[in-house]
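Here is the structure we will look at, set down as structure tokens.
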Amino acid sequence: MIDLHCHILPGVDDGPIEIEESLAMARRAYADGIRNLVATPHLLPQHFDDHGWIQEQVARLNAILAEQDLALQVLPGAEVAAVPEILAHVRNLPRLASGSCVLLEVPLIGLPNYLEEVVFALQLAGLRPVLAHPERSQLIRAQPEVVRRLAERGCVLQINAPSLLGRAGRAERRLALGLLRDYPDCVVASDAHDALYRPPVLSPTQRAFARLGGEARFREVVHDLPAKLLAG
Ligand SMILES: [Fe+2]
């Protein structure tokens, strides 16, 4: 499996603080069956043009994983805050691996009225917006037509694994299942922040696919589509 959204880099955001915790996350991901994982630290506007440190940290983490014989490949990425400043930096934003996808952080509370403008600007620049956990946004749950419109305009929807498992609440789970049912371009990712409470695991979500196309659909959202997005 491929995990497109994971806060695994140490000391850069609200993910792990020390490298040991990053390694514990890597071992947990590997044990779950994940072989490629994108490091997606939160990226704030002051770093929109300055994100070489992500590549450097990913290289360092991969070197340690190789030393420990753990066959997990970490790829560089970012969770980019959907703020108006994005419009001035569209061409320099970090992508998911070497592809053309930008993971956009959808705020949990409030929905910026410029979200559609940001999405359109990325698309004009030839980029593919991937909306991070739309099911977790209070406003999207109240007005699901917003996310439906964005999906119809070509955004990929990234659903969080814990939302599918009902760990974020029933309304989150209901919207997550509805989006997975209605839109082919969905991926499921962990949005992991540590090894224990918000771990990088995807396999437990398989049971949610019993009425959503079963094994074949599960494979699509945790492997086939993520692989295509990473390749651009
Ligand atoms: Fe995240």
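Values computed for the structure shown
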read-out	value
Only Lys, Arg (+1) and Asp, Glu (-1) charged, at Cβ; segment 2-231 dipole about Cα centre in debye	980
Selection of trypsin sites (Lys or Arg not before Pro), segment 162-203, meeting DSSP coil and at most 16 other Cβ within 10 Å	R167
Which of G99, I8, S22, positive extreme of dipole for the chain (C-beta unit charges)	G99
Residue of G77, G52, G166 that the Gaussian network model of the chain assigns the largest fluctuation, springs spanning Cα pairs under 10 Å	G52
For segment 186-232, size of Cβ-based charge dipole, Lys and Arg +1, Asp and Glu -1, in debye	160
Percentage of interatomic Cα-Cα distances in segment 2-231 larger than 31 Å	15
Amide H contacts under 5 Å for L75, placed H, 5+ residues apart	L37, V38, A39
Interchain or long-range residues, amide H under 5 Å from S100's placed H	G232
Spacing of the two label points (7 Å from each Cα toward its C-beta) at Y30 and A59, in nm	2.2
Quarter of Cα convex hull surface for segment 16-102, i.e. mean projection, nm²	6.0
Around I64: net Lys/Arg minus Asp/Glu count, Cβ-Cβ under 15 Å	-4
Qualifying trypsin sites (Lys or Arg not before Pro) for segment 200-232 [loop in DSSP, other Cβ within 10 Å: at most 10]	R211
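Computed from the coordinates by the stated procedures, all read-outs in this text should not be read as laboratory data. Small disclaimer: the values here were computed from a predicted structure and weren't measured. Neighbour counts run over all protein chains shown; Cβ positions are idealised from the backbone, glycine included.
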